[in-house]
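A.B. asks: Quick one: this structure, given as C-alpha cells, is what I'll be asking you about.
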Amino acid sequence: MNGDINRDDRVSVSDMVVLKNYLRGRYGLNRTQMIAADTNHDGNVDAMDVPILQDMIIGSRGKLPMGTWIGDRSGAKRYFCFGSGTGYAVLPDGTVHDFSISSDDDMVIMKFKDTGAEMTAFITWTGEDSYTLKWEDGTAETFRAFSEFCFDPKNMISGNWVTDRGRTFTIDGLSGKLTGKDGDISRFEYLPDGDGITFRFGRTDDNTQCQVKKIDSMHLLMTWADGTSERFTRREIEVRNGITYVNGILIANKTYSLPSDYAPNGILPDAQAAFNAMAADAYNTAGIRLSIVSGYRSYSYQNQLYNNYVARDGKAAADTYSARAGHSEHQTGLAMDINDASSRFNGTKEANWIAANCVKYGFIIRYPQGKEDITGYQYESWHVRYLGKELAKEVSDSGLTLEEFLCIDSKYKS
Ligand SMILES: [Zn+2]
C-alpha cells in the first residue's frame, strides 16, 4: 500500500518516522518499502515524498475528528463538535463553548474563544468511530461518534419541559431524562438536525425522530414519526426570597403566594408607564377615559379586605372573587383594576377597548371569561396584568390563560 512503509496496514505517523530516518541515512528500506515510500511515484525516495506522505497521514486517518463526538469525563458526558478549523464543546450543564482547532502531528490544539484557554491533547484513533484524547494533565478521555455533522447549538432544547401528554423532559446539553405519566424514567441523548430532532433512547438503536416547530419563546410543537403531535411547555420554577418565578415571570395566584414582606409599595414603573401610554391612546383615539381604581395592594391590606369578604359572604364565596393575603396579584405591583372593579364593567365600551388593545401595551386580561376553573377567579374585565409587550403578545396569541401558558395551576392547598 502506498505510504505504508512499515507495513502495518495503515498509513500513520510511524511511516513518517521510518521515511525521515531513511532520508537521514539511519534506516535501510527493502524493495517493497521503497515502493511504498515513493509516495509521488517519481522513481525516487527523497524529500519530495515527505509532504505527500504527510497529506496521506492526515487524509487516511482523518487526523482531526470531524462531526460530533461524545466524550466521557468522570462519567459526565460532554460533546465536542469539530468543523474545519473551528468547533464547540457542549458541557454537561448545557453550556456551549466555541473554540478554534488546529493540529500538529498527533497533537490537537483547541483554543477557547470565551476564556482564551488553550487545551492540547494527543489523539489516538482506536477505530473508525472512536478515539482517545490524552489531555495535558495526563487524563485520558474516550470519545465515540455521535454524528457525522456539527449541529447548530441554537437548536438545543436544554431545560425542563412538560408536555400535554403529562410527560416531563429534563434536558442538559444533549442528554436528558424522560419521566412518563406513570413515573417511568428513561434516559436519552438527542441530536438536533435543522428542524428535526433524533432522540436516542438507551444503548440500542432505539431512535425516535420528530419535527420541531417553535411556537413561541416557551413552547415547542413536536410532531413524532407516527404523525402525532405533542406540545412542550418550558417550565423552570425558581423561588427567590420567597417569590416564585416561572420561566422568569413573577407569579402570584392561588398556588403560588408572595411573602408578607414583598412590598413594592406601588405599581412598578414599567407597568405604570405602560398604563399611562394606554390611557393616553384610549382617550386620543377613542375618547375613552381609563383610570386605575386599585393598583398595588399590600399584604396586610389584602388580608383585611379578604377577611371582610369572608365575614360578609363566607369563605367559599370570597375565594371566588378575592385573594387570600399573599395570593393577590395586586401585591406584585404589576396588576391593576381599571375604572370599575365590578361585573357592571363587563361589556362596556371601555372594557371592550381594553380587551381589544391592552396587549399592545404589554397587558393581558388576567382572568378571562370561561376560565374560572383554571385561573381560580371569576371573569374580571377590569383586571389587567403587565407582562411586557413581547410576552403579552405571546400569551394573547396563544389564546391561553397565563396558568395554561406556563402549565401551572391555581389552587389553594387547603
Ligand atoms: Zn384586580
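Each value in this text was obtained by applying a stated rule to the coordinates, not by laboratory testing. From a predicted model like this one, the values you see are computed outputs, not experimental measurements. Cβ sites come from the backbone with ideal geometry, for glycine too, and all protein chains shown count toward neighbours.
A.B. asks: Apply 1/(1 + (r/R0)^6) to the Cβ-Cβ distance of Lys111 and Ala273, taking R0 = 45 Å, and write down the FRET efficiency to the nearest 0.05. Intermediate results must be reported in sequence, preceding the final value.
C.D. replies: Numbers: r = 46 Å, r/R0 = 1.02.
My answer for the efficiency is 0.45.
A.B. asks: Quote the FRET efficiency, to the nearest 0.05, computed for Asp373 versus Thr120 with a Förster distance R0 of 45 Å and r equal to the Cβ-Cβ distance. Write out the running numbers ahead of the final one.
C.D. replies: Working: r = 61 Å, r/R0 = 1.36.
Calculated transfer efficiency: 0.15.
A.B. asks: With axes computed from alpha carbons, what is the tilt in degrees of helix 269-286 against the longest principal axis of the chain, rounded to the nearest 10 within 0 to 90?
C.D. replies: Helix 269-286 sits roughly 60 degrees off the main axis of the chain.
A.B. asks: Inverting the mean 1/r over all pairs of different Cα atoms, compute the Kirkwood radius of the chain and quote it in Å.
C.D. replies: Numbers: mean 1/r = 0.0377 Å⁻¹.
It is 26.5 Å.
A.B. asks: Right, another one. I'd like the distance between the alpha-carbon centres of segment 268-289 and segment 347-414, rounded to an integer number of Å.
C.D. replies: Going from one Cα centre to the other spans 18 Å.
A.B. asks: If you split all Cα-Cα distances of segment 13-61 into 5 Å bins from zero, what percentages do you get per bin, shortest first?
C.D. replies: 5, 24, 35, 26, 9, 2
A.B. asks: Suppose each label sits 7 Å from its Cα in the direction of the beta carbon; what would the Arg26-Asn303 distance come out to in nanometres?
C.D. replies: About 8.6 nm, to one decimal.
A.B. asks: Contact order normalised by length for the chain, with contacts defined as Cα pairs under 8 Å and 6 or more residues apart; what percent is it?
C.D. replies: Working: 781 pairs, mean separation 32.8, N = 414.
Reported as a whole number, the value is 8 percent.
A.B. asks: Pop the C-beta distance of Ser260 and Tyr283 into the FRET formula with R0 = 41 Å and round what comes out to the nearest 0.05. Don't jump to the answer; show the numbers that get you there.
C.D. replies: Numbers: r = 38 Å, r/R0 = 0.91.
For R0 = 41 Å, the calculated efficiency reads 0.65.
A.B. asks: With 23 Å as the limit, write out which pairs from Lys177/Lys254; Lys214/Lys393; Lys111/Lys213; Lys154/Lys177 have Cα-Cα distances beyond it, or answer none. Let's see the in-between values first.
C.D. replies: Values: Lys177/Lys254 30 Å; Lys214/Lys393 15 Å; Lys111/Lys213 34 Å; Lys154/Lys177 20 Å.
Over 23 Å Cα-Cα: Lys177/Lys254; Lys111/Lys213.
A.B. asks: Same structure again: Do the sum for the chain: with -39,500 (n - 2.57) for every DSSP H run of n ≥ 4, divided by all residues, what is the mean residue ellipticity at 222 nm, to the nearest 500 deg cm²/dmol? Intermediate results must be reported in sequence, preceding the final value.
C.D. replies: Working: 10 runs with 99 residues, N = 414.
Dividing the helical sum by the residues of the chain leaves -7000 deg cm²/dmol.
A.B. asks: Still on this structure, I have one more. Can you give the local net charge around Asn346? Use residues other than it whose beta-carbon is closer than 14 angstrom to its beta-carbon, Lys and Arg +1, Asp and Glu -1.
C.D. replies: Numbers: positive: Arg344, Lys349; negative: Asp337, Asp340, Glu350, Glu372, Glu380.
Net local charge, Asn346 excluded: -3.
A.B. asks: Quick check: the angle from helix 49-61's long axis to the longest principal axis of the chain, C-alpha only, nearest 10 degrees?
C.D. replies: So the inclination is approximately 40 degrees.
A.B. asks: Pop a pseudo-label 7 angstrom from the Cα along the beta-carbon direction at both Val50 and Arg7 and give the gap in nm to one decimal.
C.D. replies: 2.6
A.B. asks: Describe numerically, in nm with one decimal, the distance between label points set 7 Å from Cα along Cα→Cβ at Ala76 and at Trp224.
C.D. replies: Between Ala76 and Trp224, the simple spin-label model gives 3.1 nm.
A.B. asks: Okay, moving on. Angle, helix 389-398 long axis vs. longest principal axis of the chain, Cα atoms, 0 to 90°, nearest 10?
C.D. replies: Approximately 90 degrees, to the nearest ten.
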